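**Q** Have a look at this one.
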Amino acid sequence: MRKVNFIGLALVLICSFIFPLFSSEAGLREQVYETVLDNGLKVILLENHKAPVVTFQVWYRVGSRNEEWGKTGLSHMLEHMMFKGTKKIGPEEFSRIIQENGGNDNAFTSNDFTAYFEDLSSDRVQVAIDMESDRMENLILREQDFGTERMVVMEERRLRTDDDPKSYLVEQLEAAAFQISPYHWPIIGWMEDIRRFTLQDLESYYRTYYKPANAFLIVVGDFKRDDILQSIRKSFGQTPKGLSPVQERDKEPLQPGERRIYVKKEAQLPYIVMGYHTPNLTSGDSYVLEVIAAILSGGKSSRFHKTLVHDKRLLLDADADNSLLSRDPSLFTISAELLPGKDVIEVEKALDQEIERLKKEPLEERELQKVKNQIEAAFVYGQDSLFYQAMLLAEYEINSNWKTIDDYIPSIRRVTAEDIVRVAKSYFTSDNRTVGILIPLPPKKEQSMPAGSSTKDRIIR
């Protein structure tokens with residue numbers, strides 16, 4: 001029997017589905033249909049008939065950046081409360097109904113948006129349309145649900161941030177890096193703010209931001225455009241438009257010098273994060289930063305892995321991340337987890353050397369082309385997921401307009417070695433960065449238990 005290269009075959013199959021959508025000759029501008037209902041709700045549709053499924057997504061232009069000092073965490077809290085029912089649907093029934101129809105649903109909140117989605121068989125999409133249109137206008141907020149869910153959110157914050165040394169360090173770094181921009185506070189909110197905001201705060205927030213004028217729909221999958229548009233107009237078209245909230249926020253001024261923070265937490269290993277202020281998609285430099293991120297940490301052939309993980313054996317792992325699609329200018333972050341026994345000062349010096357290398361040594365054409373190929377392949381192959389197709393369209397729409405997604409690959413291809421040197425020199429300076437260092441503390445000794453007690457008597461919070 002002839003040996004089959006299954007990986008190669010899989011890539012061929014993926015390309016047969018995806019490359020027509022993302023080729024330079026026929027980009028998404030030719031594949032996606034957009035319309036705006038009379039009430040201001042934008043609808044973005046992408047037919048993809050490779051499987052009889054649909055992802056239906058509702059995106060609201062509201063995230064933690066829309067909150068105020070003292071009221072942080074409202075966007076995330078309201079996301080939780082959106083599953084507590086309407087006049088038609090009882091508390092906790094939303095997800096059960098989706099599951100009974102063979103689908104799955106969830107939601108997520110970011111700095112810039114709150115999104116809700118249902119993945120269903122294409123013949124069940126009307127269920128999602130009806131329920132999403134219902135809770136856009138008719139959500140019921142009950143005091144009892146609010147009190148219970150607030151405790152859930154507080155526990156989520158404890159588990160994911162307060163008790164997670166790395167997450168806590170990143171939160172503290174962002175709070176230091178941003179002093180005016182609303183990216184200063186965490187998406188989940190500060191614990192004290194979560195404790196004190198009220199049901200009336202949520203009701204006001206819901207009335208302000210959950211309106212057709214501040215939302216859009218993304219539907220990707222196996223459907224007929226005219227049919228689904230008719231259903232969407234019937235279900236969503238009667239919802240009052242509402243006012244479009246002001247989206248402009250204070251911009252962070254130039255940082256006048258390096259900032260450093262140190263966090264002491266129970267942890268096994270030190271951790272270091274560096275955040276450099278950089279532009280978002282509105283600047284051409286953002287594409288150069290995409291390439292730089294891949295040069296530094298794009299797989300096992302990247303510079304960080306080859307030099308710092310493999311050769312010098314300083315790190316367990318290292319990562320570089322560019323905030324391309326943030327609504328406001330954000331951070332280019334570099335993070336590293338040290339191997340046991342390694343010194344933070346030595347590691348920081350090694351990271352700085354790799355940054356300086358970008359500024360002084362133009363990439364050879366072979367390395368640059370390899371990185372570009374990796375970026376393009378990841379961008380294209382990722383579109384095999386209907387959900388990810390929809391999410392990517394939505395994130396571009398939040399930032400500027402979904403049509404700019406077609407600029408990604410051509411912009412990556414245009415990046416030169418000279419661009420990398422220029423951009424590295426422009427943004428990767430010590431005055432433009434905030435450095436966070438995790439100093440691990442040993443575990444606290446367990447308190448001795450009174451005689452006659454057992455582990456069953458202990459309360460774990």
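The values are calculated or read from the model by the stated rules, or taken from the named source; none is laboratory data. All figures in this text were calculated on a predicted structure; none of them were measured in a lab. Reconstructed Cβ throughout: ideal geometry from the backbone, glycine too, with neighbour counts over all protein chains shown.
**Q** Please give the number of the condition ARG259 fails out of (1) basic (Lys, Arg); (2) within 15 Å of ILE129 (Cβ to Cβ); (3) surrounded by 13 or more Cβ atoms within 10 Å (Cβ to Cβ).
**A** Status for ARG259: all satisfied but (2).
**Q** Got a number for residues in the range 316-333 being surrounded by fewer than 20 Cβ atoms within 10 Å (Cβ to Cβ), more than 23 Å from SER181 (Cα to Cα) and under 20 Å from the mean Cα position of the chain (by Cα)?
**A** Here the count works out to 1.
**Q** Is it the case that GLU364 is surrounded by fewer than 13 Cβ atoms within 10 Å (Cβ to Cβ), out of contact with any Gly (no Cβ under 6 Å at 6 or more places or on another chain) and not β-branched (Val, Ile, Thr)?
**A** Here the answer is yes, as GLU364 does meet what is asked.
**Q** Determine if the range 92-109 includes at least one residue that is closer than 20 Å to ASN66 by Cα, touching a residue at least 24 places away in the same chain (Cβ under 8 Å) and polar (S, T, N, Q).
**A** Checked against the condition, which is being closer than 20 Å to ASN66 by Cα, touching a residue at least 24 places away in the same chain (Cβ under 8 Å) and polar (S, T, N, Q), the range 92-109 yields at least one hit.
**Q** With the range 1-101 as the region, which helices (runs of 4 or more DSSP H) entirely inside it contain at least 2 residues that are modelled with pLDDT of 75 or more and more than 20 Å from ALA394 (Cα to Cα)?
**A** Because the criterion is at least 2 residues that are modelled with pLDDT of 75 or more and more than 20 Å from ALA394 (Cα to Cα), the helices (runs of 4 or more DSSP H) in the range 1-101 that meet it are 74-81, 93-100.
**Q** Kindly indicate the residue of the range 262-309 that is closer than 24 Å to ASP343 by Cα and of a type in the set (Phe, Trp, Tyr) and also surrounded by the fewest Cβ atoms within 10 Å (Cβ to Cβ) among those meeting that condition.
**A** Looking at the filtered set, the residue picked out is TYR262.
**Q** Can you tell me how many residues in the range 85-104 are surrounded by 13 or more Cβ atoms within 10 Å (Cβ to Cβ) and of a type in the set (D, E, K, R)?
**A** Residues meeting the conditions: 1.
**Q** Take the residues of the range 404-436 that are aliphatic (A, V, I, L, M) and closer than 26 Å to ALA177 by Cβ: which is nearest to the chain's Cα centre (by Cα)?
**A** VAL435
**Q** Which count do you get for residues in the range 168-189 that are outside any helix (DSSP H, G or I) and aromatic (Phe, Trp, Tyr)?
**A** 2
**Q** From the set of residues in the range 378-423 that are in a loop (DSSP other than H, G, I, E, B) and of a type in the set (Val, Ile, Thr), which is farthest from PHE216 (Cα to Cα)?
**A** THR416
**Q** Hey, another quick one. Please work out if ARG313 is of a type outside the set (A, V, I, L, M), farther than 16 Å from ARG357 by Cα, surrounded by 22 or more Cβ atoms within 10 Å (Cβ to Cβ) and touching a residue at least 12 places away in the same chain (Cβ under 8 Å).
**A** Criteria not met by ARG313.
**Q** Something else: Residue by residue through the range 102-126, note down the ones that are of a type in the set (Gly, Ala, Ser), assigned to a strand (DSSP E or B) and in contact with a helix residue (DSSP H, G or I) (Cβ under 8 Å, 6 or more places away or on another chain).
**A** Passing the criteria: ALA107, ALA115.
**Q** Oh, and also: If you check HIS310 against the conditions, is it of a type outside the set (Phe, Trp, Tyr), farther than 30 Å from TRP402 by Cβ, under 25 Å from the mean Cα position of the chain (by Cα) and outside any strand (DSSP E or B)?
**A** In short, no.
**Q** Residues that are surrounded by 17 or more Cβ atoms within 10 Å (Cβ to Cβ) and among the hydroxyl-bearing types (Ser, Thr, Tyr): does the range 120-143 have at least one?
**A** Scanning the range 120-143, I find at least one residue that is surrounded by 17 or more Cβ atoms within 10 Å (Cβ to Cβ) and among the hydroxyl-bearing types (Ser, Thr, Tyr), so the answer is yes.
**Q** Something else now. Condition test on GLU192, is it within 30 Å of LYS265 (Cα to Cα), in contact with a helix residue (DSSP H, G or I) (Cβ under 7 Å, 6 or more places away or on another chain) and assigned to a helix (DSSP H, G or I)?
**A** Answer is no for this residue.
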